[in-house]
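Written below as structure tokens is the structure these notes are about.
The numbers here are math on the coordinates, done by the rules we state, and not lab data. Remember, predicted model here, so these are calculated numbers, not experimental data. A quick note on method: Cβ atoms are made from the backbone with ideal geometry, for glycine too, and the neighbour counts reach across all protein chains shown.
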Amino acid sequence: MKNIKYQILALLASVGTFSSCDADFVEINKSPDTVYEVDPVIFLYEVENAMYTAGEAWADSYACKLRWMQYCTGIWGYSTTNFTDCAGFGDALYNDYNTVGKYAVHIPYYVEQNLADEAESYTDLIQAARVLLITKGIQTSDTYGSLVYSDGWGTRRGDSEALEPAFQTQEELCTIWNDELKEAAATLGTLPNQKSMVHYDVAYNGDAKKWAKAANAIRLRLALRLWKQKPELATQIASEVLNSGNIFEGTEDSFILYFDNYWTTQGDWHSVVDMDRASVAFMGYLKKYNDPRKRLFFQINNLTPENVAAFNALSTTTEATYIPTDLTRWEGGTVSYDGQASDVCRTSRYLDDIDMRPMNIPQTRLWKGAQDNGSAGGWVPLVTYADFCFMAAEFTLEGVSNIKSAQEWYEEGVRASIKQWSEMAQYCQIQIENEDDMEVSDEEIDTFMTQEGIAWNPAMAKEQIYCQSYVEHYKNNNESWAMYKRVDYPSTESTLITWEPIYVYGELQRVPRRNKFSMPVEGSENYANEIKRFEDMEKDPAFGALDNEYGRVWWDKE
């Protein structure tokens, strides 16, 4: 992977100024420091590398969605006024989308200009990059609604005049993306003499047939977004995907980007431990059902009876810092700002250099492989096999006939989720008291699944699917946010995972549903299209005022 990074740095010298409107590709390549010819597959690595960056992790996940979705409670980073109005929310996400797009659309243009005689042999590469771009587009549109897509990145497509691209509505984007994903699923892995993606493809190491399955998985994800606005189309898509014979069959098919240690040690990532610890809502679920993923998600705290007794006996221990003896080694803290001052689980305490705060620290190496002297890599889950199973279970409950029952999909999903997280714990070399506990046994899974609330119950089947989807999306929390907007789960009324009400200065808080917008300055870049974008979105009364983060994007229908 290190060699790939160096090749890309050289490559960027050759294409870095390509986005300027008067850039001449021939002139650029006259530089003696430029690589004159590159393998287009290098662009695929750049697409994958931009799918989730440090800025997005920090601003969208650590500061916002981990807290909004009550996986974690914040320990610092933002004031009480920023629980919903997170500084920088969506900015890095939008930048990542644009970076993914500029490389993804450049691949077919580069092939056409430089390798026209063998263009067909790059079909798999082009389609794989497109699947990634659509995946990122769905995430970005969840926050921003209308996006530039078909007209975007014009200079990267060789059109130096395409400087004012039109925005497409979310409804239009969903139609285009469905068609393109369908084509990708049907094409990938079917054509002869394709150029190898091995060593540059960090998802499937060049296995185009797995990329075809990933395209169908993303198509199923899109169908869930469409369910309330276009149920017939959503049903059609789900039926086509689930009966295609070209779908995920195990954790080995999961759509996950794996990056080696070089990628995680170059200042690319903050760590989640800087911002967050376990919440009372999430830890309450994990403890109640003794979920095996508890030890994979969080590090056990230091509240052994011996440590607690030693701390409480210190002369410096006060009534305010005294550790209640009924606290366990697995605790979460309140997310509600108004309750934090009196929350004994949040109080910061130290016994010499031992951290005695009860709230459990996330397994930081799941988020940053090099954290705490780790040597593992980073990983970005896009659609896991468990995720696919839960989506399939939802549609099966809605009457989409396919190869499995809703119960079978659900049970397979729960088992796959635990197995996948166990595999990732080993890949990331998480910090755990007993290394053998990184691997969850089949017997432990069997015991977990016999419990009331976890064992399939037709009377609460939807909530069970939602609950396990939520748990699975701990790291891919844009999807738990999307599920919350789709089905209002979790909530303060849900039973398996019960959120706490969040108050700030006595005011009950709501989870934002989109980005806040402001009107562009007249005469600014692409002004006319920006104005039309907002006018189109405002035609939907549910969109609300531009600066209202509780307004809804098109698919987020009540």
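A few remarks follow.
- Within the chain: Cβ-based charge dipole about Cα centre, in debye rounded to nearest 20 (Lys, Arg +1; Asp, Glu -1): 660 debye
- Using the empirical formula 2.2 N^0.38 Å as the baseline, the Cα radius of gyration of segment 198-241 reaches a ratio of 1.46.
- Fraction in percent of alpha-carbon pairs per bin - 20 Å, the chain: 20, 55, 23, 2, 0
- Degrees separating the helix 208-226 axis from the principal Cα axis of the chain, which is the longest one: 70 degrees
- Dipole of segment 115-224, positive end: most advanced residue of THR187, ALA217, LEU125 [Cβ charges, Cα centre]: ALA217
- Relative to the longest principal axis of the Cα atoms of the chain, helix 385-397 runs at roughly 90 degrees.
- Part-to-part distance (alpha-carbon centres) for segment 425-441 and segment 470-509, which is given in Å: 28 Å
- Cα centre as origin, Lys/Arg/Asp/Glu Cβ charges: segment 366-522 dipole, Debye: 1000 debye
- Cross-link partners for LYS287 among the aspartates and glutamates, with Cα-Cα distance under 15 Å and sequence neighbours closer than 8 places in the same chain left out: ASP326, GLU331, GLU444, GLU452.
- Spatial offset of segment 225-242 relative to segment 72-139 amounts to 25 Å, using the alpha carbon center of each.
- Positive end of the dipole of the chain (Cβ unit charges, origin at the Cα centre): among VAL414, TYR322, GLY250, the Cα lying farthest that way belongs to TYR322.
- For the chain, with +1 on Lys and Arg beta carbons and -1 on Asp and Glu, the positive-most of GLN371, TYR285, LEU147 along the dipole: TYR285
- Magnitude of the charge dipole for segment 482-556, about its Cα centre and with charges confined to Cβ atoms of Lys, Arg (+1) and Asp, Glu (-1), is about 220 debye.
- Pairwise Cα inverse-distance average, inverted: Kirkwood Rh of segment 481-558 (Å): 14.7 Å
- Expected-Rg normalisation [2.2 N^0.38 Å, Cα atoms] applied to segment 396-458: 1.38
- Calculated [θ] (222 nm, deg cm²/dmol) that DSSP helices of n ≥ 4 give over the chain, each run adding -39,500 (n - 2.57): -12500 deg cm²/dmol
- Extension gain, THR447-ALA166: 0.36 nm per intervening residue step, less the Cα-Cα distance, totals 95.7 nm.
- Taking only the Cα atoms of segment 62-171, the ratio Rg/Rh comes out at 1.12, with Rh defined as the Kirkwood radius.
- On the principal axes of its alpha carbon atoms, segment 238-345 extends 67, 37, 31 Å, with the longest extent given first.
- Gyration tensor verdict on segment 190-295 (Cα atoms; rounded if a/c is under 1.5, prolate if a/b is larger than b/c, oblate otherwise): oblate
- By the Stokes-Einstein formula, at 1.306 mPa s and 10 °C, segment 163-232 with its Kirkwood radius over alpha-carbon pairs has D equal to 114 µm²/s.
- Nearby lysines by direct alpha-carbon distance to LYS404 (threshold 28 angstrom, same-chain neighbours under 8 apart not counted): LYS182, LYS209, LYS210, LYS213, LYS228, LYS230, LYS419, LYS462, LYS475, LYS485
- Karplus-based coupling profile of segment 403-414, in residue order and whole Hz: 6, 9, 7, 4, 4, 5, 5, 4, 5, 5, x, 4, with θ = phi - 60° in 6.51 cos²θ - 1.76 cosθ + 1.60 and x standing for Gly or Pro.
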